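Data first, discussion second: the structure below is written as C-alpha coordinates.
The values are calculated or read from the model by the stated rules, or taken from the named source; none is laboratory data. Owing to the predicted nature of the structure, the values given are computational and were not obtained by experimental measurement. For neighbour counting, all protein chains shown are included, and Cβ atoms are generated from backbone atoms with ideal geometry for every residue, glycine included. We work out accessible area using only protein heavy atoms, side chains counted, and drop any ligands, DNA or RNA first. Shrake-Rupley method; radii C 1.70, N 1.55, O 1.52, S 1.80 Å.
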Amino acid sequence: MSSKFLIMSIVLIGVSLLLLLTLAFYYYKFKKIDSKAKKYGLVLPILTMSLISLAEVMGIITAIIFKPDNESKNIGPIITTVIGMVCIVAVVIALFFFIQYFGIALSKDSINLIGEKIDNKNIIKIINDTRTPNIFVFYKQGKRVTKKIKFSTKMVDASFFDEKITGIKVESEDALAYHDKTIRNK
(Lines give C-alpha, C1' and ligand atoms only; values in the text may rest on other atoms or scores of the structure.)
Protein backbone atom coordinates (compact mmCIF):
# COMPACT_ATOMS: atom_id res chain seq x y z
CA MET A 1 0.00 0.00 0.00
CA SER A 2 2.79 2.42 0.85
CA SER A 3 4.53 2.04 -2.50
CA LYS A 4 1.35 3.29 -4.17
CA PHE A 5 1.68 6.56 -2.28
CA LEU A 6 5.28 6.92 -3.37
CA ILE A 7 4.27 6.26 -6.97
CA MET A 8 1.41 8.77 -6.72
CA SER A 9 3.68 11.41 -5.22
CA ILE A 10 6.21 10.87 -8.02
CA VAL A 11 3.39 11.10 -10.59
CA LEU A 12 2.09 14.34 -9.01
CA ILE A 13 5.55 15.89 -8.94
CA GLY A 14 6.35 14.75 -12.48
CA VAL A 15 3.06 15.83 -14.06
CA SER A 16 3.07 19.21 -12.34
CA LEU A 17 6.68 19.82 -13.40
CA LEU A 18 5.82 18.81 -16.95
CA LEU A 19 2.83 21.18 -16.99
CA LEU A 20 4.93 24.00 -15.55
CA LEU A 21 7.74 23.51 -18.07
CA THR A 22 5.30 23.20 -20.97
CA LEU A 23 3.48 26.37 -19.98
CA ALA A 24 6.79 28.22 -19.55
CA PHE A 25 7.91 27.04 -23.01
CA TYR A 26 4.67 28.19 -24.64
CA TYR A 27 4.87 31.59 -22.90
CA TYR A 28 8.46 31.95 -24.08
CA LYS A 29 7.44 31.17 -27.68
CA PHE A 30 4.44 33.51 -27.33
CA LYS A 31 6.66 36.33 -26.10
CA LYS A 32 8.97 35.89 -29.12
CA ILE A 33 6.10 36.34 -31.64
CA ASP A 34 6.52 39.46 -33.73
CA SER A 35 3.08 41.02 -33.36
CA LYS A 36 1.29 44.30 -33.93
CA ALA A 37 -0.82 43.95 -30.77
CA LYS A 38 -0.45 41.64 -27.78
CA LYS A 39 -2.45 41.14 -24.58
CA TYR A 40 -1.68 38.88 -21.65
CA GLY A 41 -4.28 37.47 -19.31
CA LEU A 42 -3.83 37.94 -15.61
CA VAL A 43 -6.31 36.02 -13.49
CA LEU A 44 -6.35 32.61 -15.19
CA PRO A 45 -2.56 32.29 -15.66
CA ILE A 46 -1.95 33.19 -12.01
CA LEU A 47 -4.65 30.75 -10.89
CA THR A 48 -3.19 28.03 -13.14
CA MET A 49 0.34 28.53 -11.86
CA SER A 50 -0.97 28.48 -8.29
CA LEU A 51 -2.77 25.19 -8.89
CA ILE A 52 0.31 23.66 -10.49
CA SER A 53 2.41 24.78 -7.52
CA LEU A 54 -0.17 23.40 -5.09
CA ALA A 55 -0.11 20.04 -6.89
CA GLU A 56 3.68 20.04 -6.68
CA VAL A 57 3.57 20.77 -2.95
CA MET A 58 0.92 18.08 -2.40
CA GLY A 59 3.15 15.55 -4.18
CA ILE A 60 6.08 16.47 -1.94
CA ILE A 61 3.92 16.33 1.20
CA THR A 62 2.57 12.93 0.17
CA ALA A 63 6.12 11.61 -0.18
CA ILE A 64 7.07 13.01 3.22
CA ILE A 65 4.09 12.03 5.42
CA PHE A 66 3.32 8.51 4.28
CA LYS A 67 4.10 5.67 6.68
CA PRO A 68 5.43 2.47 5.08
CA ASP A 69 3.90 0.11 7.65
CA ASN A 70 0.68 -1.76 6.99
CA GLU A 71 -0.91 -0.76 10.30
CA SER A 72 -1.44 2.95 9.55
CA LYS A 73 -4.41 4.04 7.49
CA ASN A 74 -2.41 6.79 5.72
CA ILE A 75 -5.34 9.24 5.69
CA GLY A 76 -2.98 12.22 5.27
CA PRO A 77 -1.34 10.91 2.10
CA ILE A 78 -4.74 10.02 0.66
CA ILE A 79 -6.04 13.56 1.23
CA THR A 80 -2.92 15.24 -0.17
CA THR A 81 -2.92 12.94 -3.21
CA VAL A 82 -6.58 13.69 -3.95
CA ILE A 83 -6.01 17.45 -3.56
CA GLY A 84 -3.01 17.27 -5.90
CA MET A 85 -4.90 15.26 -8.53
CA VAL A 86 -7.87 17.64 -8.40
CA CYS A 87 -5.46 20.55 -8.97
CA ILE A 88 -3.90 18.79 -11.97
CA VAL A 89 -7.32 18.04 -13.48
CA ALA A 90 -8.39 21.68 -12.98
CA VAL A 91 -5.22 22.91 -14.73
CA VAL A 92 -5.71 20.57 -17.68
CA ILE A 93 -9.35 21.70 -18.04
CA ALA A 94 -8.28 25.36 -17.88
CA LEU A 95 -5.59 24.82 -20.51
CA PHE A 96 -7.93 22.90 -22.79
CA PHE A 97 -11.03 25.10 -22.63
CA PHE A 98 -9.82 28.56 -21.62
CA ILE A 99 -6.51 29.03 -23.45
CA GLN A 100 -7.75 32.26 -25.04
CA TYR A 101 -7.66 33.93 -21.59
CA PHE A 102 -3.93 33.32 -21.20
CA GLY A 103 -2.82 35.63 -23.99
CA ILE A 104 -3.57 36.79 -27.52
CA ALA A 105 -1.34 38.37 -30.15
CA LEU A 106 -2.18 39.71 -33.59
CA SER A 107 0.38 39.44 -36.34
CA LYS A 108 0.15 40.17 -40.07
CA ASP A 109 -0.90 36.65 -40.94
CA SER A 110 -2.49 35.14 -37.82
CA ILE A 111 -4.15 35.40 -34.44
CA ASN A 112 -1.86 33.69 -31.95
CA LEU A 113 -2.87 32.18 -28.65
CA ILE A 114 -0.64 30.40 -26.16
CA GLY A 115 0.26 27.25 -28.10
CA GLU A 116 -2.27 27.83 -30.88
CA LYS A 117 -2.37 29.78 -34.13
CA ILE A 118 -5.34 30.80 -36.29
CA ASP A 119 -4.33 31.98 -39.75
CA ASN A 120 -6.11 35.12 -40.99
CA LYS A 121 -6.93 33.37 -44.28
CA ASN A 122 -9.01 30.83 -42.29
CA ILE A 123 -11.01 33.45 -40.37
CA ILE A 124 -14.56 33.69 -41.67
CA LYS A 125 -15.94 36.43 -39.46
CA ILE A 126 -15.23 38.41 -36.29
CA ILE A 127 -18.35 39.38 -34.37
CA ASN A 128 -18.76 41.81 -31.50
CA ASP A 129 -21.78 40.13 -29.89
CA THR A 130 -24.73 42.41 -29.19
CA ARG A 131 -26.30 40.10 -26.59
CA THR A 132 -23.24 39.31 -24.47
CA PRO A 133 -20.01 41.16 -23.69
CA ASN A 134 -17.98 38.82 -25.92
CA ILE A 135 -16.18 38.84 -29.23
CA PHE A 136 -16.39 35.71 -31.37
CA VAL A 137 -13.92 34.66 -34.05
CA PHE A 138 -15.33 32.13 -36.51
CA TYR A 139 -12.68 30.24 -38.47
CA LYS A 140 -12.21 27.22 -40.68
CA GLN A 141 -10.22 24.30 -39.40
CA GLY A 142 -9.54 21.96 -42.25
CA LYS A 143 -11.84 21.90 -45.25
CA ARG A 144 -15.22 21.38 -43.63
CA VAL A 145 -15.04 22.18 -39.94
CA THR A 146 -15.94 25.68 -38.78
CA LYS A 147 -15.01 26.56 -35.23
CA LYS A 148 -15.48 29.57 -33.03
CA ILE A 149 -13.46 31.00 -30.22
CA LYS A 150 -14.83 33.43 -27.67
CA PHE A 151 -12.96 36.36 -26.15
CA SER A 152 -14.32 38.33 -23.24
CA THR A 153 -14.43 42.09 -23.67
CA LYS A 154 -12.73 42.27 -20.27
CA MET A 155 -9.64 40.77 -21.95
CA VAL A 156 -9.83 42.48 -25.36
CA ASP A 157 -12.26 44.92 -26.91
CA ALA A 158 -13.48 45.09 -30.49
CA SER A 159 -10.86 47.69 -31.42
CA PHE A 160 -8.11 45.16 -30.58
CA PHE A 161 -8.99 43.23 -33.74
CA ASP A 162 -7.99 46.16 -35.95
CA GLU A 163 -8.97 45.74 -39.58
CA LYS A 164 -5.56 47.06 -40.62
CA ILE A 165 -3.86 44.16 -38.86
CA THR A 166 -6.20 41.23 -39.50
CA GLY A 167 -7.77 42.45 -42.74
CA ILE A 168 -11.20 41.52 -41.40
CA LYS A 169 -13.82 43.99 -40.23
CA VAL A 170 -15.37 43.40 -36.81
CA GLU A 171 -19.15 43.34 -37.16
CA SER A 172 -21.70 43.94 -34.41
CA GLU A 173 -24.47 41.37 -34.48
CA ASP A 174 -25.91 38.45 -32.56
CA ALA A 175 -23.24 35.73 -32.62
CA LEU A 176 -25.66 32.96 -31.62
CA ALA A 177 -27.99 33.81 -34.50
CA TYR A 178 -25.05 33.85 -36.91
CA HIS A 179 -23.85 30.51 -35.55
CA ASP A 180 -27.29 28.94 -35.90
CA LYS A 181 -27.82 30.35 -39.37
CA THR A 182 -24.47 29.45 -40.92
CA ILE A 183 -22.89 26.59 -38.99
CA ARG A 184 -25.71 24.47 -37.62
CA ASN A 185 -27.75 24.55 -40.82
CA LYS A 186 -24.98 23.07 -42.98
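Here are a few things to note about the model shown:
- All conditions but one from (1) outside any strand (DSSP E or B); (2) more than 13 Å from the chain's Cα centre (by Cα) apply to residue 105; the one that does not is (1).
- Among the residues making up the range 108-130, a single one is out of contact with any strand residue (DSSP E or B) (no Cβ under 7 Å at 6 or more places or on another chain) and part of a strand (DSSP E or B): 116.
- Residues located in the range 140-151, provided they are touching a strand residue (DSSP E or B) at 6+ places or on another chain (Cβ under 7 Å) and open to solvent by 20 Å² or more (accessible area, probe 1.4 Å): 140, 141, 146, 147, 148, 150
- The condition (being at pLDDT 85 or above and in contact with a Phe, Trp or Tyr (Cβ under 7 Å, 6 or more places away or on another chain)) is satisfied by just one residue among 134, 128: 134.
- Residues that are part of a helix (DSSP H, G or I), open to solvent by 70 Å² or more (accessible area, probe 1.4 Å) and free of Cβ contacts under 8 Å to residues at least 40 places away in the same chain, drawn from the range 42-53: 46
- Checked against (1) open to solvent by less than 50 Å² (accessible area, probe 1.4 Å); (2) modelled with pLDDT under 90, residue 94 passes all but condition (2).
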